[in-house]
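J.: I am attaching a structure below and will ask some questions about it afterwards.
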Amino acid sequence: MNTPSNRLIIFDTTLRDGEQSPGASMTREEKLRIAKQLERLRVDVIEAGFAAASQGDFESIKAIAGAVRESTICSLSRANDRDIARAAEALAPAERKRIHTFIATSPLHMEMKLRMLPEQVLEQAKNAVRFARQFTDDIEFSPEDGSRSDEDFLCRVLEGVIAEGATTINFPDTVGYAVPEIFGETIRRLRERIPNSDKAIWSVHCHNDLGLAVANSLAGVMIGGARQIECTINGLGERAGNTALEEVVMALRTRAAYYQLEVGIDTTQIVAASKMVSQITGFAVQPNKAVVGANAFAHASGIHQDGILKARETYEIMRAEDVGWTANKIVLGKLSGRNAFKQRLQELGIELDSEAEVNAAFGRFKELADRKTEIFDEDIMALVSDEQQAHDKEYYRFVSLAQRSETGETPRATVVFSIDGAEVRCEGSGDGPVDATVNAIESRAASGAELVLFSVNAISTGTQSQGEVTMRLSHSGRIVNGVGADPDIIVASAKAYLSALNKLHSKIERLNPQN
Ligand code: KIV
Ligand code: ZN
C-alpha cells in the first residue's frame, strides 16, 4: 500500500449537506456570499450544491462556478446520467470542476430504499463514473451508508469505480454510526485490499449523530490514510450535522507535531465564515462551541484569569486572533467618513460588488451611527448583510413602524411596508409587540405561512446592542429564514418577517439528494 502524501484536502459541503439541515435553506445570493468567504478561507473544494435538486440549486452552482476562481467547485449528483449531465452543465463556468456521484451500498439502503440488487448497484455505480468522465477528470464517488456496508461488496464497487476513472473515493458515515478505531481500520483495510486503491485519493465524510464526527474524520486520516476531509462551517448538516471545519482544522494545526499534515486553510477567516453561515441560516452557534462559540476564548474563573494574565499558554491552546476573533472594540462612530468605513470593510474581508453597494452600505451605517453611539465590527457585518439582502429582489420592503404596549393593555402595532413598490399601512394587535407586528403585516401580506422559529440575539454587548432577529417560516413544505437587525428589536422582527416573506415569494423548490 502506498504512503499517502502529507497534504490534506479540505472539502467544504456547507452549501450542500449543510443546506440539507431542516430550515437551513439559502438563496442564490446567500450561497454566493458564503462561497466567496470559503474561497477567502482557502478551502480546496467547495461542494456548491446538488444541481439536479432544483432550478435554484442549479443556478447557485453556476453562479459560484463563475465567481470563485481559487477553489475547485463541485456538484453532487445521484448515479444517473440525467443528474450527472445537469451537474456538468452547472459547473461549466468553473476553472476547476468536480462531479461527485453517489449510490447507496448498504444492504438496508439497497433493499429498502433503492429496491435494487447489489449487482445492479455495482453496474450503476460504474456506469455513472464512466458517464461523468466525459465532462471532467475530477470525479468523486461515494458509497452512501458506507460504514454499514458489507466490506467485500465495497471492495468490488470501489475497485470498479476507480477502474472507470474515479479520482476520489469518499467513505461516508451517512448515519453517524461509526466509532473512530473501527472507522479508521475499515478504510485502512479497504485501501489494502483494493488493488487499484492508490489511483484515488481517499476521503471521509462523517455525520455527528454520536458526537464523533471530528474524531472519526481524524481516525480516517491517521489510521485509514484518507487525505480529504469533508466538513461544514459550524458543523451544519443533516440531523446532528457533519464534521465541523473549524474543529478539524484547528485540531490539525494545534497538534501539528502529532498529525504532521498540511492544510491550506487561512484560519484567520474562520470566525467570519462561522458568523456569516449562522446569520444566513438562522442556526445560532452555541456559546460553548469549540473555536467559534462566544465563550471559546472567555475566561471567567479568577484562577484562570490570573494564569492568562501571567502567561497566556496556561489556559489557552490556541490564540483567538489566529481563528479571526477580534477584540470587541468600537471601530467606527458618527463622525467616521466613507474612507474609514471602506477600509474597515476591507479589514473584515467584506467585498461589495460595486461602489453603489459601498455607498448604500455607508448610508445605512450613517443612519445607524445616528441612533447608536458605538459601532462594532458585528454591527458592520449585520448592516452589510442587510444591504446584500436588500440587493436581492425585494418584493416586500420595510418602511416604518409604530408600536404601543403597556402593562395590562393589548399591544398594538402599525407597520408601513411596500409590496412590489406600493406602500401599504396596516395595523394589528397581539399577545406581545412582536406578535402585534407580525399580525399587522399578515393582515396585508396574507401569506398563510407558519412561524416555526423566532429568535433574538444581541449582536454585540450592552443594552444598546442591535438585536438580530431570525424568523423561520414554513409554507407548503418549504422552509425559509428571514433575518433583520436593528437597535429596536420590534423593527428587527418586522424586517426579519418581511425578509422571510420575500424568500417565500421567490418560490424556489428543492429536493433532498437522499430522497
Ligand atoms: O452522508 C452522506 O452519505 C452524503 C453523501 C451524499 C456523500 O452526504
Ligand atoms: Zn452527508
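J.: Of a type in the set (Ser, Thr, Tyr), over 15 Å from Ser499 (Cβ atoms) and open to solvent by less than 20 Å² (accessible area, probe 1.4 Å): is that true of Ser443 in this structure?
T.: On the way: of a type in the set (Ser, Thr, Tyr): yes; over 15 Å from Ser499 (Cβ atoms): yes; open to solvent by less than 20 Å² (accessible area, probe 1.4 Å): no.
Spelling it out, it is not the case that Ser443 is of a type in the set (Ser, Thr, Tyr), over 15 Å from Ser499 (Cβ atoms) and open to solvent by less than 20 Å² (accessible area, probe 1.4 Å).
J.: State the number of residues belonging to the range 237-282 that are open to solvent by less than 10 Å² (accessible area, probe 1.4 Å) and within 16 Å of ligand 2 (Cβ to nearest atom).
T.: 7
J.: Same structure again: Would you mind telling me which numbered condition in (1) over 14 Å from Ile9 (Cα atoms); (2) β-branched (Val, Ile, Thr); (3) open to solvent by less than 10 Å² (accessible area, probe 1.4 Å) Ile229 fails?
T.: Every condition holds for Ile229 apart from (1).
J.: Also, quick follow-up: Inspect all residues belonging to the range 21-34 and state whether any of them is open to solvent by 10 Å² or more (accessible area, probe 1.4 Å), under 15 Å from the mean Cα position of the chain (by Cα) and within 16 Å of ligand 2 (Cβ to nearest atom).
T.: Yes, the range 21-34 contains a residue that is open to solvent by 10 Å² or more (accessible area, probe 1.4 Å), under 15 Å from the mean Cα position of the chain (by Cα) and within 16 Å of ligand 2 (Cβ to nearest atom).
J.: If Gly160 satisfies every condition in (1) farther than 24 Å from Asp12 by Cβ; (2) open to solvent by 30 Å² or more (accessible area, probe 1.4 Å) but one, which is the exception?
T.: Single failed check for Gly160: (2).
J.: Among the residues of the range 138-147, are any open to solvent by 50 Å² or more (accessible area, probe 1.4 Å) and at pLDDT 95 or above?
T.: No - not one qualifying residue is present in the range 138-147.
J.: Another question about this same structure. Out of Ser474, Ser493, Ser460, which single residue is touching a strand residue (DSSP E or B) at 6+ places or on another chain (Cβ under 9 Å) and assigned to a loop (DSSP other than H, G, I, E, B)? Full working, then the answer.
T.: Details: Ser474 fails: assigned to a loop (DSSP other than H, G, I, E, B); Ser493 fails: assigned to a loop (DSSP other than H, G, I, E, B).
Checking each option against the conditions leaves just Ser460.
J.: Let me ask something else. Can you say whether Asn288 is free of Cβ contacts under 8 Å to residues at least 40 places away in the same chain and either assigned to a loop (DSSP other than H, G, I, E, B) or crowded, with 24+ Cβ neighbours inside 10 Å (or both), as far as the supplied structure shows?
T.: So Asn288 fits the description; yes.
J.: Within the range 163-208, track down each residue that is open to solvent by less than 10 Å² (accessible area, probe 1.4 Å), among the hydrophobic types (A, V, I, L, M, F, W, C) and away from ligand 1 (no atom under 14 Å from the Cβ).
T.: Within the range 163-208, Ile187, Leu190, Ile194 qualify.
J.: Give the number of residues within the range 11-56 that are of a type in the set (Asp, Glu) and within 25 Å of Val384 (Cβ to Cβ).
T.: Number satisfying all stated conditions: 5.
J.: Then there's this: Taking the range 131-151 as the search range and keeping residues that are in contact with a Lys or Arg (Cβ under 9 Å, 6 or more places away or on another chain) and more than 14 Å from ligand 1 (Cβ to nearest atom), which one is farthest from Ile194 (Cα to Cα)?
T.: Phe135
J.: For Ala445, are the conditions met, namely being among the aliphatic types (A, V, I, L, M) and either touching an Asp or Glu at 6+ places or on another chain (Cβ under 7 Å) or under 21 Å from Ser385 (Cβ atoms) (or both)?
T.: Answer is no for this residue.
J.: Something else about it: With the requirement that a residue be of a type outside the set (D, E, K, R), in a loop (DSSP other than H, G, I, E, B) and modelled with pLDDT under 85, what does the range 337-361 give you?
T.: Once the filter is applied, which keeps residues that are of a type outside the set (D, E, K, R), in a loop (DSSP other than H, G, I, E, B) and modelled with pLDDT under 85, the range 337-361 yields Leu348, Gly349, Ile350, Leu352, Ser354.
J.: If you don't mind, there's one more thing I want to ask. Looking at the range 406-434 only, could you name the residues that are in a loop (DSSP other than H, G, I, E, B) and loosely packed, with under 15 Cβ neighbours inside 10 Å?
T.: Glu406, Thr407, Gly408, Glu409, Thr410, Asp420, Gly421, Asp431, Gly432
J.: If I filter the range 209-219 down to residues being more than 14 Å from ligand 2 (Cβ to nearest atom) and over 20 Å from the mean Cα position of the chain (by Cα), which single residue comes out as most open to solvent (accessible area, probe 1.4 Å)?
T.: My answer is Leu210.
The values are calculated or read from the model by the stated rules, or taken from the named source; none is laboratory data. Only a predicted model underlies this, so the values are computations on that prediction, with no experimental measurement involved. For neighbour counting, all protein chains shown are included, and Cβ atoms are generated from backbone atoms with ideal geometry for every residue, glycine included. For the accessible areas, the whole protein counts, side chains as well, though only heavy atoms, and no ligand, DNA or RNA atoms are used. Shrake-Rupley method; radii C 1.70, N 1.55, O 1.52, S 1.80 Å.
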